[in-house]
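**Q** This is the structure, below, for whatever I ask next.
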Amino acid sequence: MSMNITYKILKKHCIVGVLEANKEIGIKIDQTLTQDATGTMAYLQFESMGIPKAKTELSVSYVDHNTLQQGFENADDHRYLQTVALKYGIKFSKPGNGICHQVHLERFGKPGKTLLGSDSHTPTGGGMAMIAIGAGGLDVAVAMGGGEFYLICPEVVNIVLKGRLRKWVSAKDVVLHILRILSTKGNVNKVLEYSGQGVKTLSVPERATITNMGAETGVTTSIFPSDEVTKSFLRAQNREDDWIELNADPDAEYSETITIDLSEVVPMVALPHSPGNVVPVKDIAGKNIDQVEIGSCTNSSLRDLTIVGKILEGKIVNSDISLAIAPGSRQVFSMIAKNEILSNLIDAGARIMESACGFCIGNGQAPQTNAVSVRTNNRNFEGRSGTKSAGIFLVSPETAALSAIAGKFVDPLSKSAGEFPEIIIPDNFDIDDRMIITPPDDSSGIQILRGPNIGEPPINTVMDDKLIGNIAIKVGDKITTDHIMPAGPRLKYRSNIKKYSEFVFEFLDPDFYKYATNLRDKNKAVFILSGESYGQGSSREHAALCPMYLGVKAIFAKSFERIHSANLINFGILPLVFADNSLYDEIDKNDEIEILSIIECLVNNKNIVIFNKTKNIKIEMKYSLSDRQKNILKAGGLLNYIRKRQ
């Protein structure tokens with residue numbers, strides 16, 4: 001049977017179910033990664049399972065999000081992460097070693113393997129021909145324990161790349177072009193698989209930029225073939241033995257085909273406040289800017305910073321601009337220090353940041369009031385930068401560097417851009433893994449260190465057949481996990497759920513915590529009402545875990561995003577979808593809601609009817625749940641479900 005790349009890998013890893021689109025399957029996970037913002041809770045959950053060692057081929061714990069150790073909380077979490085990793089046979093990448101996706105691509109990614117990460121941009125690994133999927137920390141913990149990862153067997157969309165990119169146009173422009181086509185919603189349970197002659201013109205870091213930001217479309221993951229370009233990258237990383245060839249069969253089937261001529265792609269920009277709000281840069285050329293930030297897991301490779309350094313060579317940043325640059329890994333940082341690129345950046349007036357996520361998640365570099373901030377990262381949600389009134393514009397490294405010099409948006413294809421600087425990427429990269437700590441064979445003497453901010457993961461109660469409560473908040477479309485659970489300086493409470501829960505929906509309704517707590521204390525259910533694409537963005541399971549702690553029992557929405565829906569189920573929160581979306585307007589905040597016969601409806605696959613007692617109307621709700629997910633919900637969440645089975 002002819003197969004595409006996606007199904008070839010899934011077939012080798014499928015443990016439960018059959019490869020049929022839109023059916024639930026369970027797959028074996030070869031590798032996992034975590035980062036510190038989500039990893040602390042993931043390892044607390046792993047510990048609670050009582051498993052002596054991680055059972056994957058490779059698991060790596062990275063510290064890359066909260067590397068600014070303001071207060072004791074982050075430093076304590078980092079020490080916990082290191083000791084728990086060494087205790088359970090997990091590699092530990094120290095703060096400063098780099099962003100998880102960049103480092104994993106460089107040092108650990110292998111074609112044909114499965115990778116599950118507690119970060120939504122784990123699909124970066126698809127640039128290395130991996131099935132790399134972002135998930136909640138609890139799903140990653142289960143995978144580390146040897147459990148299968150469940151997902152809906154995806155439809156596979158073939159994106160055929162023709163031609164070659166023009167000078168001044170880069171991979172970031174390609175993925176922004178794709179976002180303009182697909183948008184940020186309506187792509188759940190799909191995989192974007194790349195093919196065509198244009199693929200051969202893209203390096204692995206360029207492919208990784210495309211798969212990284214493919215996450216913003218809402219797809220499960222994206223994947224490129226493994227070819228001679230992949231082999232060359234692995235050879236440069238002294239890992240050629242990890243290479244295998246992996247291509248789709250000539251007559252492989254796809255649910256849809258999209259053809260893109262790379263020679264026709266132009267420099268693009270995502271306008272505030274969505275990665276899908278994309279227009280050509282030329283449409284806003286000349287618009288004044290205030291800040292430029294270059295880096296993040298999307299655009300911080302050696303290729304990206306080399307082109308930026310060449311553009312800035314002999315130039316000076318506009319006097320009204322603040323420019324900051326963050327290399328993606330210690331390897332990249334070291335190499336630009338040796339090839340004079342770093343001195344070009346410094347001489348141009350750039351501020352050099354640590355090899356970390358930093359400004360991308362709102363940890364530092366917040367722009368001024370009402371600023372126009374130009375960034376190479378992957379998300380521009382309102383307020384994510386740390387300044388609610390700022391507008392974040394997502395562009396390529398080329399556009400960012402040219403605009404930093406001019407103090408305004410510059411179209412790289414315009415005459416003002418000048419001559420394109422040619423760059424040379426070396427055949428061999430510097431290899432130094434001393435900041436990746438390998439666990440000992442015998443970890444019996446290792447003591448796990450826990451600071452006072454680290455608590456136990458809260459566990460939900462079993463699902464009630466009847467729920468009575470109130471709508472605690474009504475929100476619109478495209479609510480992100482950042483809206484639900486703020487990042488930035490709040491992330492230091494990630495291992496202290498009681499404290500972190502005080503900030504649920506802080507950005508949208510500062511009184512939500514008090515309202516929900518009052519309902520919970522009265523033994524009433526807390527309900528959330530939302531529009532389309534609820535739970536976009538980060539895989540941050542705290543956006544389900546903290547609401548669960550506050551007593552949220554069900555969410556009524558027009559639609560959900562994949563990772564967040566799975567996280568809600570994992571923590572015993574019922575995700576319900578309107579049978580008729582127009583009835584969303586018939587419910588308001590404070591309305592009293594009653595739900596009867598929940599268990600009976602789930603068992604018999606019947607729609608659930610909610611009764612709005614305030615308005616005296618009944619509203620039919622649908623759900624898309626496998627039998628396994630129904631059992632998890634009835635148990636009150638995945639931890640309860642696992643313990644019940646043990």
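The values are calculated or read from the model by the stated rules, or taken from the named source; none is laboratory data. The shown structure was predicted, so the numbers you read here are calculated from the model rather than taken from an experiment. Here Cβ is always computed from backbone atoms with ideal geometry, including for glycine, and neighbour counts include all displayed protein chains.
**Q** Can you tell me which condition residue 291 does not meet? The list is (1) of a type outside the set (A, V, I, L, M); (2) buried (at least 18 other Cβ atoms within 10 Å of the Cβ); (3) farther than 30 Å from residue 538 by Cβ, and all the others hold.
**A** (3)
**Q** Which is in the same structural domain as residue 599 (by TED's automatic domain parsing), of a type outside the set (Phe, Trp, Tyr), in a loop (DSSP other than H, G, I, E, B) and surrounded by fewer than 20 Cβ atoms within 10 Å (Cβ to Cβ), of 510, 458?
**A** Working: 458 fails: in the same structural domain as residue 599 (by TED's automatic domain parsing).
Checking each option against the conditions leaves just 510.
**Q** Residue 555 fails exactly one of the following numbered conditions: (1) touching a residue at least 40 places away in the same chain (Cβ under 8 Å); (2) among the β-branched types (Val, Ile, Thr); (3) in a strand (DSSP E or B). What is the number of that condition?
**A** (1)
**Q** For the range 5-56, how many residues meet the condition of being surrounded by 23 or more Cβ atoms within 10 Å (Cβ to Cβ), over 30 Å from residue 358 (Cβ atoms) and either out of contact with any helix residue (DSSP H, G or I) (no Cβ under 9 Å at 6 or more places or on another chain) or of a type in the set (Gly, Ala, Ser) (or both)?
**A** 3
For (1) buried (at least 16 other Cβ atoms within 10 Å of the Cβ); (2) of a type in the set (Phe, Trp, Tyr), each residue gets a yes or a no:
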| position | (1), (2) |
| --- | --- |
| 393 | yes, yes |
| 397 | yes, no |
| 400 | yes, no |
| 405 | yes, no |
| 413 | yes, no |
| 417 | yes, no |
| 431 | no, no |
| 437 | yes, no |
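**Q** Next question, about the same structure. What's the number of the only condition in (1) free of Cβ contacts under 8 Å to residues at least 40 places away in the same chain; (2) part of a helix (DSSP H, G or I); (3) of a type outside the set (Val, Ile, Thr); (4) surrounded by fewer than 21 Cβ atoms within 10 Å (Cβ to Cβ) that residue 628 fails to meet?
**A** Evaluating residue 628 over (1) free of Cβ contacts under 8 Å to residues at least 40 places away in the same chain; (2) part of a helix (DSSP H, G or I); (3) of a type outside the set (Val, Ile, Thr); (4) surrounded by fewer than 21 Cβ atoms within 10 Å (Cβ to Cβ) leaves (1) as the failure.
**Q** Test each condition in (1) in a helix (DSSP H, G or I); (2) in contact (Cβ under 8 Å) with a residue 12 or more places away in the chain for residue 577 and report the one that comes out false.
**A** Residue 577 satisfies every listed condition except (1).
**Q** Does residue 610 meet the test of being surrounded by fewer than 18 Cβ atoms within 10 Å (Cβ to Cβ) and hydrophobic (A, V, I, L, M, F, W, C)? Step through it out loud before you land on a result.
**A** Values: surrounded by fewer than 18 Cβ atoms within 10 Å (Cβ to Cβ): no; hydrophobic (A, V, I, L, M, F, W, C): yes.
For residue 610, the condition - surrounded by fewer than 18 Cβ atoms within 10 Å (Cβ to Cβ) and hydrophobic (A, V, I, L, M, F, W, C) - is not met.
**Q** Oh, and also: For the range 532-577: of the residues being closer than 20 Å to residue 184 by Cβ, more than 21 Å from the chain's Cα centre (by Cα) and of a type outside the set (Val, Ile, Thr), which is surrounded by the fewest Cβ atoms within 10 Å (Cβ to Cβ)?
**A** Only one residue tops the list, namely 558.
Each row is one residue, and each column tells you yes or no for (1) of a type outside the set (A, V, I, L, M, F, W, C); (2) touching a Ser or Thr at 6+ places or on another chain (Cβ under 7 Å).
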residue	(1), (2)
506	yes, no
514	yes, no
521	yes, no
529	no, no
535	yes, yes
547	yes, no
555	no, yes
559	yes, yes
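**Q** So, one more: Considering only residues of the range 482-503 that are of a type in the set (S, T, N, Q) and touching a Phe, Trp or Tyr at 6+ places or on another chain (Cβ under 9 Å), which is nearest to residue 81 (Cα to Cα)? Spell out the reasoning first.
**A** Taking the range 482-503 as the starting set, the residues that turn out to be of a type in the set (S, T, N, Q) are 495-496, 501.
Remaining after also requiring touching a Phe, Trp or Tyr at 6+ places or on another chain (Cβ under 9 Å): 495, 501.
Working: 495: 11, 501: 22 Å.
This residue is 495.
**Q** Report the residue count in the range 1-53 for those that are among the hydroxyl-bearing types (Ser, Thr, Tyr), more than 13 Å from residue 114 (Cα to Cα) and either within 24 Å of the chain's Cα centre (by Cα) or not in a loop (DSSP other than H, G, I, E, B) (or both). Explain how you work it out, then say what you get.
**A** Start the filter on the range 1-53 by keeping residues that are among the hydroxyl-bearing types (Ser, Thr, Tyr), which leaves 2, 6-7, 32, 34, 38, 40, 43, 48.
Filter once more, so that each one left must be more than 13 Å from residue 114 (Cα to Cα): 2, 34, 38, 40, 43, 48.
Subset that is either within 24 Å of the chain's Cα centre (by Cα) or not in a loop (DSSP other than H, G, I, E, B) (or both): 34, 38, 40, 43, 48.
Summing the residues that are among the hydroxyl-bearing types (Ser, Thr, Tyr), more than 13 Å from residue 114 (Cα to Cα) and either within 24 Å of the chain's Cα centre (by Cα) or not in a loop (DSSP other than H, G, I, E, B) (or both) in the range 1-53 gives 5.
**Q** Quick one: which residue in 220, 184 is modelled with pLDDT of 95 or more, of a type in the set (Val, Ile, Thr) and in the same structural domain as residue 31 (by TED's automatic domain parsing)? Can you show your working first?
**A** Values: 184 fails: modelled with pLDDT of 95 or more.
Sole residue among the options that is modelled with pLDDT of 95 or more, of a type in the set (Val, Ile, Thr) and in the same structural domain as residue 31 (by TED's automatic domain parsing): 220.
**Q** Same structure again: Suppose we filter the range 362-405 for residues that are more than 23 Å from residue 489 (Cβ to Cβ) and small (Gly, Ala, Ser); how many remain?
**A** 5
**Q** Here is a list: 426, 367, 421, 439. Which entry is within 28 Å of the chain's Cα centre (by Cα), assigned to a loop (DSSP other than H, G, I, E, B) and not assigned by TED's automatic domain parsing to the domain that holds residue 279? Lay out the reasoning, then the answer.
**A** On the way: 426 fails: within 28 Å of the chain's Cα centre (by Cα); 367 fails: not assigned by TED's automatic domain parsing to the domain that holds residue 279; 421 fails: within 28 Å of the chain's Cα centre (by Cα).
Selected residue: 439, the only one of 426, 367, 421, 439 that is within 28 Å of the chain's Cα centre (by Cα), assigned to a loop (DSSP other than H, G, I, E, B) and not assigned by TED's automatic domain parsing to the domain that holds residue 279.
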